[in-house]
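The values are calculated or read from the model by the stated rules, or taken from the named source; none is laboratory data. Keep in mind the model is a prediction, meaning the values are calculated, not measured. For neighbour counting, all protein chains shown are included, and Cβ atoms are generated from backbone atoms with ideal geometry for every residue, glycine included. The area values use the complete protein model at the heavy-atom level, side chains included, leaving out ligands, DNA and RNA. Shrake-Rupley method; radii C 1.70, N 1.55, O 1.52, S 1.80 Å.
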Amino acid sequence: MPGAGRRAQLPEEVAAWIRERILTGRLRGGAHLHLERLADELGVSVTPVREALLALRGEGFVELQPRRGFTVVPLTRRDVEDTHRLQATLAGELAARAAREIGPQQLARLESLHAEMESAGRRGGEVDELALRFRHELSSVADSGKLAWFLGIALRYTPRRFTSGVPGWRDMAVADHREILVALRNHDPYGARAAMHKHVTHAGRLLIHHLEQSGMWAGED
């Protein structure tokens with residue numbers, strides 16, 4: 001886990017760390033997960049590691065095999081494609097609802113976040129956290145808790161920080177969020193849905209290409 005001497009205090013933190021390694025191909029399908037080895041690597045006891053793996057089992061990332069313990073479930077190209085299709089549909093609907101409900105102060109906050117994204121993009125900085133904050137703000141405006149919850153589950157199949165070194169992602173994110181903002185300003189639910197769907201779909205394509213280039217699915221038909 002990043003940061004020297006950092007200790008994970010909660011099973012959720014351990015689960016997030018393992019999940020990220022699976023999603024980026026550093027833990028491949030079939031890999032055996034040794035509880036003690038992971039605990040030593042993270043600087044925690046075995047208990048939060050076991051709880052994290054049980055949670056990941058419920059999410060479909062790992063399986064528990066008799067006499068073998070926990071192993072990584074293979075993550076296929078189709079899995080990533082399917083989760084992004086689901087994300088695009090859910091995020092698009094949230095954007096459409098937000099376009100109907102958004103007020104001046106909420107729009108101002110989103111515009112401020114996008115301005116920060118543009119500034120970071122010009123400097124060659126990271127926009128991941130800003131895009132995440134934009135999405136959370138949009139979900140809050142949409143006021144659709146269950147829909148946002150389902151989107152959060154689907155987003156667990158996307159690495160939280162995969163854009164470093166991915167050509168085109170930063171510029172795409174800035175441009176796509178600009179289109180979303182235009183639709184929100186116009187209170188245009190159809191335009192907001194289409195712009196968000198386009199963004200998530202485009203992001204999925206870039207992620208899949210990035211994972212292919214890293215050799216994640218080498219030899220897969």
With Cα coordinates, the longest principal axis of the chain makes an angle with the long axis of helix 104-123, in degrees rounded to 10, of 60
Taking protein heavy atoms only, a 1.4 Å probe, and rounding to whole percent, the accessible area of the chain owed to carbon and sulfur comes out at 50
Acute angle (nearest 10 degrees) that the helix 11-23 long axis makes with the longest principal axis of the chain, alpha-carbon atoms:
80
Quick one: compute the contact order of the chain, relative version, from alpha carbon pairs under 8 angstrom and 6+ residues apart, as a percent.
24
Bins of 10 Å from zero: percent of alpha-carbon pairs in the chain
8, 30, 32, 22, 8, 1
In nm, to one decimal, how far is the GLU212 label point from the VAL182 one, both placed 7 Å along Cα→Cβ?
2.9
On Cα atoms only, tilt of 128-142 relative to the major axis of the chain in degrees:
60
Stretchable slack from THR76 to ARG26, in nm (0.36 nm times residue separation minus alpha-carbon distance):
16.6 nm
Please express the Cα-Cα pair-distance distribution P(r) of region 1-104 as a list of whole percents, one per 5 Å bin, running from 0 to the bin with the greatest distance.
2, 12, 18, 19, 14, 10, 9, 7, 5, 2, 1, 0
Dividing the helical contributions, -39500 (n - 2.57) per DSSP H run of n ≥ 4, by the residues of the chain yields a 222 nm value, nearest 500 deg cm²/dmol, of -22500 deg cm²/dmol
How many Å² of accessible area per residue for the chain, probe 1.4 Å?
54
If you line up the Cα atoms of region 45-125 on their principal axes, what length do they span on each, largest first, in Å?
58, 29, 25
